[in-house]
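Notes follow once the structure below has been shown.
The values are calculated or read from the model by the stated rules, or taken from the named source; none is laboratory data. As the structure is a computational prediction, the values presented were derived from the model and not from experiment. Cβ sites come from the backbone with ideal geometry, for glycine too, and all protein chains shown count toward neighbours.
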Ligand SMILES: Nc1ncnc2c1ncn2[C@@H]1O[C@H](COP(=O)(O)OP(=O)(O)O)[C@@H](O)[C@H]1O
Ligand SMILES: [Mg+2]
């Protein structure tokens, strides 16, 4: 059963009354998200990630194409859909002078909660996201991390079946990001929630998502599990070596996807550096070659897109 | 939506506007200072001009009506303005609510503030200038206040629609609209003094009729045959139009991307 089925979705933003400006945000995007999955939409800035998520969340109507979410058409049956989904953004904003508890309660009421149910839900969420000591703090006094946690709390106030997260760890300290990611995983594990998130961190997508869609210039360029994609586009960790004398067999070694030479360095793209590096080193030593330096590098998003754009 | 869910969603906006009102430094000015300055300065002017007591009542009633309409209208406009200022408007349209919830919820708070202002100004008018603004009796008074509040709702929702359609640029309408009412609805003068075409426009404003009806109790011949009926009729028509306009504006903002743009 699919949570989201999008076909040929296109969106162009038009602005200006006298001089019309057009920005093509989505060209023709098709995407299917199974229920209970965590799917990542990965892409550089301006790729169309937020636009796509906003269309799924009924905040933006597509120009063309069809989107069915939880069995409802996203335009015609938006009202029925809204109570079953929610969204949080890594760049949240709420009413500046309202307090943390008041913000969660306000949105809770918009989803029909009231009385003791509302109070209980607000308490739970504030506790879950460790906002208890900030409950009476006004929104504009919160740090970035707290704002993001509040945004997540608000996004869960209606216990959505489908959750959209737009760059949920944007600008967070690494340790906070780790906690947020752990929480995202637990939402799926404990509540079976379907989650679609956008990110421009390769690692984040890889770590969290069952499936990743690479998007660039309003088009999905590749889709699949992290491993599928790496295989598909020959993407992996890079092991850079300086070896004396050179070992031409490196490019044909198991797990090596491709190799490039320059300035005395051999840069081998491998499927898994942790596994391949010891193997390669062992063989190089066995042949009596001298390994002068070694560097291991995770693939940069830029490289991913250079690969994909070809 | 069940009746209870309807009420809860409306209540959500009422609570929010109330909370925001208590956090707003200008709350005091909006609620007390400007309206009181208005009534005192106009009242003193009527003294200087040595107006008859009925004429004083005429002008002060207009002043009070303007204050009530303005404060209630602003409160309705806040339903959208608060979120535009905080760049958080998308969250409320992500929720399963209709525009009726936000306009009615904020209108409830607007009416509460309107009643408070009316009472304060009524006491002031009576104490400082000897004008008894509640003399016409409960029925007439309720019709008059209802007229003020309906006019305020219509203007407020219209302002919400303009802001939703044009973004922050349209904010000025929130404050400018009251001056249009001031000019056209016969606040300080009977609309018969206006040039005919302008008077025709004035007679299309509900508040004109409610003021006319209320002032009749102070001995001013009514300019309309059934001002209260016409006033409510016009108000109902405009209320529907304003509501539809706001719905259309939200729909447009969803398709143009302005809803997102105003939230980033
Ligand atoms: N509300 C909007 N109005 C006008 N243009 C927009 C709007 N939102 C996004 N865009 C434009 O659409 C393109 C895609 O943006 P977006 O979906 O936000 O990208 P991403 O989230 O991947 O960074 C960009 O060129 C952006 O400037
Ligand atoms: Mg984005």
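Here are the numbers for the structure shown:
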read-out	value
Residue within segment A:6-15 that is without any contact (Cβ under 8 Å) to a residue 12 or more places away in the chain, more than 20 Å from the chain's Cα centre (by Cα) and surrounded by fewer than 16 Cβ atoms within 10 Å (Cβ to Cβ) present	yes
Residues within segment A:31-64 that are more than 10 Å from ligand 1 (Cβ to nearest atom), on the phi > 0 side of the Ramachandran plot and within 14 Å of chain B (Cβ to nearest Cβ), tallied	1
Given (1) part of a loop (DSSP other than H, G, I, E, B); (2) more than 12 Å from ligand 1 (Cβ to nearest atom), number of the condition residue A:67 does not satisfy	(1)
Set B:44, B:102, B:74: member being over 28 Å from residue A:96 (Cα atoms) and either out of contact with any helix residue (DSSP H, G or I) (no Cβ under 7 Å at 6 or more places or on another chain) or buried (at least 16 other Cβ atoms within 10 Å of the Cβ) (or both)	B:44
Hits in segment B:242-264 (condition: within 16 Å of ligand 2 (Cβ to nearest atom) and in a helix (DSSP H, G or I))	B:259, B:260, B:261
Conditions (1) within 19 Å of residue A:34 (Cβ to Cβ); (2) away from every other protein chain (no Cβ under 14 Å); (3) more than 16 Å from ligand 1 (Cβ to nearest atom): number failed by residue A:177	(1)
Residues of segment A:251-273 that turn out to be outside any strand (DSSP E or B) and in contact (Cβ under 8 Å) with a residue 24 or more places away in the chain, as a count	6
Subset of segment A:43-70 that is surrounded by 22 or more Cβ atoms within 10 Å (Cβ to Cβ) and within 12 Å of ligand 2 (Cβ to nearest atom) - its residue that is nearest to residue B:94 (Cα to Cα)	A:54
Of all residues in segment A:71-89 being in contact (Cβ under 8 Å) with a residue 40 or more places away in the chain and crowded, with 21+ Cβ neighbours inside 10 Å, the one that is farthest from residue A:181 (Cα to Cα)	A:85
Residue pairs meeting the criteria (Cβ under 9 Å; at least 6 apart or on separate chains; first not assigned by TED's automatic domain parsing to the domain that holds residue A:110, in segment A:154-167; second surrounded by 22 or more Cβ atoms within 10 Å (Cβ to Cβ))	none
Which listed residue, of A:75, A:100, A:67, is within 21 Å of residue A:2 (Cα to Cα), more than 11 Å from every other protein chain (Cβ to nearest Cβ) and touching a strand residue (DSSP E or B) at 6+ places or on another chain (Cβ under 9 Å)	A:67
In segment A:16-42, residue nearest to ligand 2 (Cβ to nearest atom) [restricted to those that are over 24 Å from residue A:85 (Cβ atoms) and without any contact (Cβ under 8 Å) to a residue 40 or more places away in the chain]	A:23
Odd one out for residue A:19, checked against (1) within 12 Å of ligand 1 (Cβ to nearest atom); (2) surrounded by fewer than 23 Cβ atoms within 10 Å (Cβ to Cβ)	(1)
Close pairs from segment B:238-264: first more than 9 Å from chain A (Cβ to nearest Cβ), partner within 16 Å of ligand 2 (Cβ to nearest atom), Cβ under 8 Å, at least 6 apart	B:250/B:259; B:253/B:259; B:253/B:262; B:262/B:87; B:262/B:90
Single residue of B:141, B:145, B:184, B:119 found to be crowded, with 19+ Cβ neighbours inside 10 Å and more than 13 Å from the chain's Cα centre (by Cα)	B:184
Filter pass, residue B:124 being in contact with a helix residue (DSSP H, G or I) (Cβ under 6 Å, 6 or more places away or on another chain), crowded, with 16+ Cβ neighbours inside 10 Å, more than 24 Å from residue B:205 (Cα to Cα) and away from every other protein chain (no Cβ under 14 Å)	yes
Whichever residue in segment A:143-172 is farther than 18 Å from residue B:94 by Cβ and not in a loop (DSSP other than H, G, I, E, B) and, among such residues, is nearest to ligand 1 (Cβ to nearest atom)	A:144
Failed criterion for residue B:112 (all others in (1) out of contact with any helix residue (DSSP H, G or I) (no Cβ under 7 Å at 6 or more places or on another chain); (2) farther than 21 Å from residue A:98 by Cα; (3) more than 14 Å from chain A (Cβ to nearest Cβ) hold)	(2)
Helices (runs of 4 or more DSSP H) contained in segment B:1-101 and holding at least 1 residues away from chain A (no Cβ under 14 Å)	B:34-48, B:53-86
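To keep it simple, each residue is scored yes or no on (1) assigned by TED's automatic domain parsing to the domain that holds residue A:40; (2) on the phi < 0 side of the Ramachandran plot; (3) more than 16 Å from ligand 2 (Cβ to nearest atom); (4) crowded, with 16+ Cβ neighbours inside 10 Å.
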| site | (1), (2), (3), (4) |
| --- | --- |
| A:183 | yes, yes, yes, no |
| A:191 | yes, yes, yes, no |
| A:195 | yes, yes, yes, yes |
| A:216 | yes, yes, no, yes |
